[in-house]
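One structure is given below, encoded as structure tokens.
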Amino acid sequence: MRLGMYQQPALKMELRQSYAATIFPAVDCWLDRHPEIVPKNADKYRHRVDCWYAEVVGGEWKKRCFAFYRGNDEPLQKVLTTKKIVLCQDYLLLACKIASVSAEDKLTLSMKDLRLILHIMKQCPI
């Protein structure tokens, strides 16, 4: 009797839901047109809009994003009111535009710097 080992390739597909992308379509569309602005730790997130939301708004919302990934929290669309979603989308678009101008001018802008600029310009809606 002979024993042998073999490898069989397998493809595993997994549906991974986004925390914020579906409720901020304008942000997603804007990022499609500006692929040059990618936050430093974007690889930690399932979707680029999740990254922008969590990093720009920060605090509790960043923690909730990762809790959602672990299955311990609801998606953002079930947490925010329609009015807050609209306000947040405007806020995120402003953040993306500031980051884009910064990139065009070859300036390095951290998320902390970006949050400070946004705070000075306009209060976060949540």
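Since every read-out is calculated from the coordinates, none of them should be taken as a lab result. Keep in mind that this is a model prediction, so the values were computed, not measured. Backbone-built Cβ (ideal geometry, glycine too); neighbour counts: all protein chains shown.
Key figures for this structure:
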{"quantity": "In order through the stretch 34-40: 3J(HN,Hα) via Karplus (6.51 cos²θ - 1.76 cosθ + 1.60), integer Hz, x for Gly, Pro", "calculated": "9, x, 6, 9, 10, x, 3"}
{"quantity": "Histogram of C-alpha separations across the stretch 49-126, 5 Å bin width, %", "calculated": "3, 14, 25, 25, 16, 10, 5, 1, 0"}
{"quantity": "Long-range amide H partners of A20 with built H, under 5 Å", "calculated": "D50"}
{"quantity": "Reachable lysines from K78, criterion Cα separation under 20 angstrom, eight or more residues apart if same chain", "calculated": "K62, K63"}
{"quantity": "Virtual paramagnetic centre 7 Å along Cα→Cβ of A103, amide N under 14 Å, in the stretch 63-93", "calculated": "93"}
{"quantity": "Residues Y19, Y69, sorted so that the one with the fewest Cβ neighbours within 10 Å comes first", "calculated": "Y69, Y19"}
